[in-house]
Amino acid sequence: MPISRAMMKNTISLTLAVLCLFQNPAFAQNAGNPVPHTNPRDQGYVGFCWSYTLMGLMEGEALKSGKTITLSPEYVGFYHMYDGFLKGMPTFKALARKKLPTTGFGKKVWEPVRKMILEQALGFLQQTPSEGSPGMQAPFDYAAKYGIVPESIFETKISKERANMEKRIINYFSEKLQLKDTVADYEAHPEKLLAEFAIAFGATPPKPNDKFVYEGKEYTPLTFAKDYLNFDSSEYKEVIVTRSNQTSVYPKIQKSLADGNAVPMGFIIFGDTFEKTKQTGVFDSTACPNGTCEKISGGHAVLIVNEVYNGVIIKNSWGQTGHDVMGQASGDKSQYGFYTVTQSYLDNPFRLTVTDKPTDKNPNPQPKPRLSDDAQGYTIVLKKQYL
């Protein structure tokens, strides 16, 4: 699963401490009743796990009113990237030139700025939401701004065969972003940028006010979110969990689940544990030396749909991996796609590692655990009634 480099940059100074060592997958046999949910899917090779999480939440909410629907994560993901690109236009214009240099010397002098433009472009493509903490409120804001559509209306899927989405978009705009006139034209005519962005993305989604028919009724992406899904982003609020509020947050998660309401969560994934987690279906730190982790692969967004006596079960977006919704490695792998996150992982994700500089006497210093009261652990989004 590709993990957003923006999240890695935002959270590189953080490391979660997971104090509970997972040894027996059978502990999940005490799982409670999961909240209404649809089947897990595969996000492919693009950082849209946050959008899959939001669509999963909305699909589960629809089930409560007897509606079975599959929503399009790529629709919200498209507009997230487009929106960031549009916001980057003033920066691109400030760095761009009236015309590109033609001589070898001029190209050499210009090269560092050209690279800076492309780095800026990547940053705007990977703007918040950052696939983890913080930033989990942003998917709700994008859905409120651009709407939501069924997957049957925007069927595009980002798969392994269509990898490197950000790279393909940047390659398409590479020369265009270096010219002031072109950037100014995009800034003055967002619809032109939208059309070309769709070419770079590889698919054209409906606009927020475009009409489509679903189940015999006419909607736009905006009215579909409001009238069909009863989605109201103002009903939800992001909570960033720190050491000072961790003991009061977890009971709120439990209450939400008990009432049948799933909870979106964003957290950090360690490079040390990533592959083992995929094999075991459990997020823990057994692969980390001394109970700590040093390498952060990035952030991830998931949907909490069930509780076990020692943690929660999350609906993931990595395809048919992990376990079933009860946390079991059952014989029916078509039901896989869920992972267990231990309670100690949630309650104690605030250990940072620091390493002394190498010296002649100590050429390979070891990381030293350090606790921080304001360290950021993970992020959840709750209905405001639980705050």
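The values are calculated or read from the model by the stated rules, or taken from the named source; none is laboratory data. Keep in mind that this is a model prediction, so the values were computed, not measured. FYI the Cβ positions are ideal-geometry reconstructions off the backbone, even for glycines, and counts take in every protein chain you see.
What the table below lists for this structure:
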| read-out | value |
| --- | --- |
| Whichever residue in segment 135-157 is within 22 Å of MET265 (Cα to Cα) and in a loop (DSSP other than H, G, I, E, B) and, among such residues, is modelled with the lowest pLDDT | GLY135 |
| Condition met for LYS368 (modelled with pLDDT of 60 or more and either surrounded by fewer than 22 Cβ atoms within 10 Å (Cβ to Cβ) or in a helix (DSSP H, G or I) (or both)) | no |
| Single unsatisfied condition, GLY299 versus (1) in a loop (DSSP other than H, G, I, E, B); (2) touching an Asp or Glu at 6+ places or on another chain (Cβ under 6 Å) | (1) |
| Segment 147-194, residues that are over 25 Å from the mean Cα position of the chain (by Cα) and among the hydrophobic types (A, V, I, L, M, F, W, C) | LEU177, LEU179, VAL183, ALA184, ALA188 |
| Output for segment 199-231, where each listed residue is in contact (Cβ under 8 Å) with a residue 40 or more places away in the chain and over 17 Å from LYS145 (Cβ atoms) | PHE201, GLY202, ALA203, PHE212, TYR214, TYR228, ASN230 |
| Count of residues meeting criterion [surrounded by 20 or more Cβ atoms within 10 Å (Cβ to Cβ) and either of a type in the set (Phe, Trp, Tyr) or in a strand (DSSP E or B) (or both)] in segment 239-268 | 8 |
| Any chance THR204 is modelled with pLDDT of 95 or more, in a loop (DSSP other than H, G, I, E, B) and of a type in the set (Ser, Thr, Tyr) | yes |
| Residue in segment 74-87 that is at pLDDT 95 or above, assigned to a loop (DSSP other than H, G, I, E, B) and either loosely packed, with under 14 Cβ neighbours inside 10 Å or not acidic (Asp, Glu) (or both) present | no |
| Residues of segment 308-324 that turn out to be buried (at least 24 other Cβ atoms within 10 Å of the Cβ) and part of a loop (DSSP other than H, G, I, E, B), as a count | 3 |
| Check on LYS226, closer than 30 Å to LYS252 by Cα, assigned to a helix (DSSP H, G or I) and either among the small types (Gly, Ala, Ser) or out of contact with any His (no Cβ under 7 Å at 6 or more places or on another chain) (or both) | yes |
| Unique residue being under 19 Å from GLY84 (Cα atoms), touching a Phe, Trp or Tyr at 6+ places or on another chain (Cβ under 8 Å) and among the charged types (D, E, K, R) when the list is GLU191, GLU187, GLU175, GLU196 | GLU196 |
